[in-house]
Amino acid sequence: APDALAGLNREQREAVFAPDSAVAVVAGPGTGKTKTLVSRIIRLVRECGVSPAQITAVTFTNRATDEMRSRLAAYFGEKRTVKAMQIGTFHSICLRLLSGKNGKDTPTILSEQDALSILADLLKNIGVKATAPEALREISLIKSGACMPEEAAAVSPGVYDGYCGQLARFGVMDYDD
């Protein structure tokens, strides 16, 4: 196998050999971020004995993800090693994590407009005078732990429970889930 560490500059080598379990490589276009991450992954697997299934590499673009996978497959000479790794964009990795949470292959994430529509119907049906945007803001605070349902001004615990129940019935999640 070719030397995965050849041609790295000082900053790249620091990232490749960093003792931390997580390393962020932040640099401009064309500066060798993908090369650095690929070299780090190769080092972790070959020299440190890290299982490929324990590797998660997050990129910004599908192009970078594809390039990383391609380089790793070329280095390891097989696709099975690379398939065991979690390599993807922020969006795809988060979707995979959510998939594991709710047992679906690909979770459905409710748009803000759909969430507002569900809330508007719910508020109308139970006779609460708050607006859907007010209610959604407070539900967001409740879901993020910034306040308790009983502390919310526009949302009673019944509105919160009703909204969450509707999401569960539809089999969807909102952005705060």
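The values are calculated or read from the model by the stated rules, or taken from the named source; none is laboratory data. This structure is a prediction, so every number in the text was calculated from the model and none was measured. Ideal geometry is used to build each Cβ from the backbone, glycine not excepted, and the neighbour counts take in all protein chains shown. Only protein heavy atoms, including side chains, enter the accessible area calculation; ligands, DNA and RNA are left aside. Shrake-Rupley method; radii C 1.70, N 1.55, O 1.52, S 1.80 Å.
For the chain, the dipole from Cβ point charges (+1 on Lys and Arg, -1 on Asp and Glu) about the Cα centre works out to 940 debye, to the nearest 20. When the GluC sites (Glu not before Pro) in the range 76-167 are filtered for DSSP coil states and for at most 10 other beta-carbon atoms within 10 Å of their beta-carbon, the remaining sites are 78. When every Cα-Cα distance of the chain is counted in 5 angstrom steps from zero, the calculated P(r) takes the values 1, 7, 14, 14, 12, 9, 8, 8, 9, 8, 5, 3, 1, 0 percent.
Measure off, as a whole percent, the carbon and sulfur share of the 1.4 Å-probe accessible area of the chain, all protein chains present.
Roughly 53 percent, rounded to a whole number.
Relative to one another, the C-alpha centroids of the range 1-60 and the range 101-177 are positioned 41 Å apart.
What relative contact order, as a whole-number percentage, does the chain give when Cα pairs under 8 Å and 6 or more residues apart are counted?
Reported relative contact order: 15 percent.
Close amide H pairs (under 5 Å, H built 1.01 Å from N) link residue 59 with 88, 89, 90, residues at least 5 positions away or on another chain. Against the chain, whose longest principal axis comes from its Cα atoms, helix 62-76 is set at around 40 degrees.
Compared with the dominant Cα axis of the chain, that is its longest principal axis, helix 90-102 is turned about 60°. In this structure the amide hydrogen of residue 5, modeled in the peptide plane, comes within under 5 Å of no amide hydrogen from residues 5 or more places off or on another chain.
Using the 2.2 N^0.38 Å rule of thumb for compact globular proteins, work out how the range 105-177 stacks up: its C-alpha Rg over that value, please.
Dividing the Cα Rg of the range 105-177 by 2.2 N^0.38 Å gives 1.02.
Express the accessible area of the chain per residue in Å², computed with a 1.4 Å probe while the remaining protein chains stay in the model.
Values: 10810 Å² over 177 residues.
Roughly 61 Å² per residue, with all protein chains present.
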